[in-house]
Every structure is written in C-alpha cells, then in structure tokens.
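Comments concern the structure below.
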Ligand code: ACO
C-alpha cells in the first residue's frame with residue numbers, strides 16, 4: 001500500500017498490488033411484507049403457481065417515502081459498523097442499482113451525504129442483478145492498486161417502483177432491499193478475494209429491459225399510457241441464459257482461483273428463482289445444502305440480493321472464518337459474474 005492520504009488516487013508509479021478482503025457487511029430490508037396471497041388479490045395468480053415456478057413465498061416492499069438511497073444508507077451503516085470504520089475513513093462509495101432515486105445525481109452521492117462520508121468520491125453502477133459483483137470487482141481493483149484504502153460497495157433496489165402491477169409475469173418476482181460490504185486491504189495472511197470473472201452480452205438486451213424514460217424514449221404522456229416505464233422480461237429465454245452463464249462464470253472463477261468445487265463451503269447465487277439455483281446446483285455437482293438461499297422471503301432484489309444473502313449467512317453463523325465462498329450473478333444487459341473469496345476479516 002502507498003502512504004498517500006486516503007481518497008487520493010496514487011500515481012501509477014506509486015502503485016503496488018495487495019490482497020483485498022470484505023471487512024464489513026450489512027443489509028436492510030423494508031418492514032412491509034407482501035405475500036403470494038396478497039398478490040392473488042392484485043393479479044390473476046396463485047400462491048401455488050408462484051411457489052412451484054419460483055420458490056418465492058413473500059417479498060419486502062419499501063414504504064412510499066422510502067427511496068433506494070434510504071435502503072442503501074441503512075445497509076451501509078451496518079456494514080461500516082461491522083467493519084469498525086468511521087464515515088470519515090471511507091474513500092469511495094459505489095452504489096449498484098437499476099432503481100436510482102433520480103436519473104441524476106447518482107445515488108451514491110445521496111448516500112454519502114446521509115452517512116457523512118465527506119472525503120469519499122461517489123458513483124453509480126448499472127449492471128442490474130450482477131451489479132453487486134461488478135461493484136465489488138471495481139472496488140477490489142481500486143483498493144488492490146493502492147488508490148483507495150476503504151471502499152463501500154452497496155447493492156440497493158426499490159424494484160417495486162418499476163413493476164407493472166397489472167403484469168402477473170413480472171410483478172410477482174421482485175422485491176426491495178439493500179446489501180453492503182466494506183472492502184479494505186486484507187489482514188496479513190488472509191487471501192480475501194481470490195478471483196473474479198465478469199461478462200456481458202448486449203445483443204440480448206431486449207429480453208429484459210425498461211423501454212422508456214431514457215434518451216431513446218424520453219417520458220411522454222404516450223410512453224406512460226403505454227406502460228413503457230416498467231420492467232419487461234421474456235422470462236423463459238432469460239432463464240436459459242441465466243443458468244448457462246452463471247455455471248460458466250462459476251467454473252471460470254473457480255479455475256482462475258485454483259479452487260475445486262468440492263472445496264467451496266458456500267455458494268451465494270443471485271436470488272432470481274429457486275429453479276435457476278437448483279439447475280446450477282445440479283450442473284456444478286454441488287448439493288443445494290451448500291447454497292445460501294433466501295429467495296422464498298425476499299424474491300428477486302436485483303443488485304441487492306447477493307449482499308443481503310451474504311449478510312444473513314454471516315450473521316446467523318453459516319459462513320465462518322476460513323470458508324471458501326463462491327458468489328455468482330446474472331442480470332439484465334445481459335451481465336454476469338462470479339467471485340471466489342476466502343472469508344475472514346480478522
Ligand atoms: N401466475 C400464474 N400464471 C402465470 C404467472 C403468474 N404470476 N406468470 C406467468 N404465468 C403463466 C404464463 O402466462 C404461461 O401461461 P400459458 O402457458 O398459458 O402461456 C405459464 O404461466 C408459463 O409461463 P412461463 O413464462 O413459461 O413460466 P416459467 O416456468 O418460465 O416461469 C419465470 C416464469 C418465473 C419468470 C421464469 O422464466 C424465470 O425465473 N425467468 C428468469 C428470471 C431471471 O433470472 N431474471 C434475471 C435477473 S432479473 C434482473 O436482472 C433485473
């Protein structure tokens with residue numbers, strides 16, 4: 001590491017590469033629970049259909065006054081607390097989200113102001129459900145090369161703000177929440193983050209998107225009337241690509257890390273659908289009892305899902321010191337990624 005003041009980017013000549021570890025973790029889920037039975041009263045669906053096709057039983061819904069930055073701030077406060085890091089020590093804040101408070105300014109700046117991280121530089125990242133792993137890799141690289149000492153990475157979504165509550169094929173699938181991690185140089189002797197693989201395929205962008213509200217189709221009365229400001233998804237096609245790319249990314253990240261699947265204690269997959277997770281378990285030859293799964297309680301929280309699942313599994317004692325953890329994600333874009341790390345912050 002360099003000795004320059006934190007928050008200032010080192011010149012190339014100053015840079016050395018160090019190992020980077022997750023030193024803090026936290027999450028937040030809004031209080032309101034929306035069950036499958038509640039959804040039965042809103043669209044033509046059944047609890048049984050949703051459970052059989054997705055594994056979901058309930059999801060959280062943010063209050064009207066809660067925006068993505070509010071969820072992100074609460075998760076980040078918890079992550080800073082577990083890391084024992086003061087807001088003034090944070091050099092960089094990255095918020096991965098597809099449901100920012102505003103098109104601009106970026107949500108990370110709003111979080112910065114709430115947390116009081118006055119020295120941090122802040123930006124947003126839009127890689128849908130892969131955003132948390134994309135964010136972790138950008139932060140890892142920044143810390144590894146010495147420009148940043150303490151990075152706060154947050155995945156946060158108010159997915160319920162972009163759902164069409166008349167479309168049963170999508171509105172039953174998503175929920176709100178936030179997960180956060182603090183990355184810093186790994187303690188001596190710790191491996192921390194071992195490998196990451198990221199990928200994208202923009203040729204399939206239209207399978208999962210929000211058609212209007214950007215520069216292609218700015219908001220007009222006509223786009224609103226046509227319900228174009230909601231998430232649209234061709235679920236069956238997305239399912240196939242999700243399984244394929246998550247398996248490939250997982251294998252590639254394991255091979256890059258020199259780790260065998262048998263040596264992975266916990267897999268934290270993006271929580272899109274229990275059937276996707278089961279298919280990955282089967283293809284990787286890794287039993288379901290080594291997967292961290294909470295999709296039944298939160299639905300798909302997009303960029304928040306891996307951080308939320310990680311925090312729960314560490315807090316309830318499943319993930320322990322020395323465990324090798326594989327995280328794997330897939331989302332709109334398409335984007336995908338996998339990260340292998342050795343758990344341990346002391
Ligand atoms: N309730 C009852 N019936 C429904 C519902 C519902 N909520 N939704 C769809 N159906 C019906 C369909 O209309 C269809 O009826 P039909 O046969 O008469 O036409 C039937 O159920 C089957 O529909 P499919 O879409 O084929 O169902 P499938 O088994 O593929 O499950 C699902 C759909 C859950 C969306 C699944 O395809 C999936 O999980 N896809 C991947 C999601 C994903 O991974 N997203 C990526 C990340 S998200 C992000 O990046 C923001």
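The values are calculated or read from the model by the stated rules, or taken from the named source; none is laboratory data. Since the structure is predicted, the reported quantities are computational estimates derived from the model, not experimental observations. So basically every Cβ, Gly included, is an ideal-geometry build from the backbone, and we count neighbours across all protein chains shown.
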Leading residue by the ranking (farthest from the chain's Cα centre (by Cα)) among those in the stretch 26-43 that are part of a loop (DSSP other than H, G, I, E, B) and buried (at least 20 other Cβ atoms within 10 Å of the Cβ): 30
Out of 93, 50, sole residue that is modelled with pLDDT of 95 or more, within 16 Å of the ligand (Cβ to nearest atom) and buried (at least 18 other Cβ atoms within 10 Å of the Cβ): 50
Go through the stretch 74-90 and count every residue that is in contact with a helix residue (DSSP H, G or I) (Cβ under 9 Å, 6 or more places away or on another chain) and either on the phi > 0 side of the Ramachandran plot or surrounded by 24 or more Cβ atoms within 10 Å (Cβ to Cβ) (or both). 4
The number of residues in the stretch 210-231 that are under 17 Å from residue 166 (Cα atoms) and surrounded by fewer than 16 Cβ atoms within 10 Å (Cβ to Cβ) is 5
Name the one entry in 224, 243, 197, 148 that is at pLDDT 95 or above, more than 20 Å from the chain's Cα centre (by Cα) and not assigned by TED's automatic domain parsing to the domain that holds residue 77. 224
Part of a helix (DSSP H, G or I) and on the phi > 0 side of the Ramachandran plot - does that describe any residue in the stretch 286-301? no
Kindly indicate whether residue 264 is within 27 Å of residue 27 (Cα to Cα), in contact (Cβ under 8 Å) with a residue 40 or more places away in the chain and either assigned by TED's automatic domain parsing to the domain that holds residue 309 or buried (at least 19 other Cβ atoms within 10 Å of the Cβ) (or both). yes
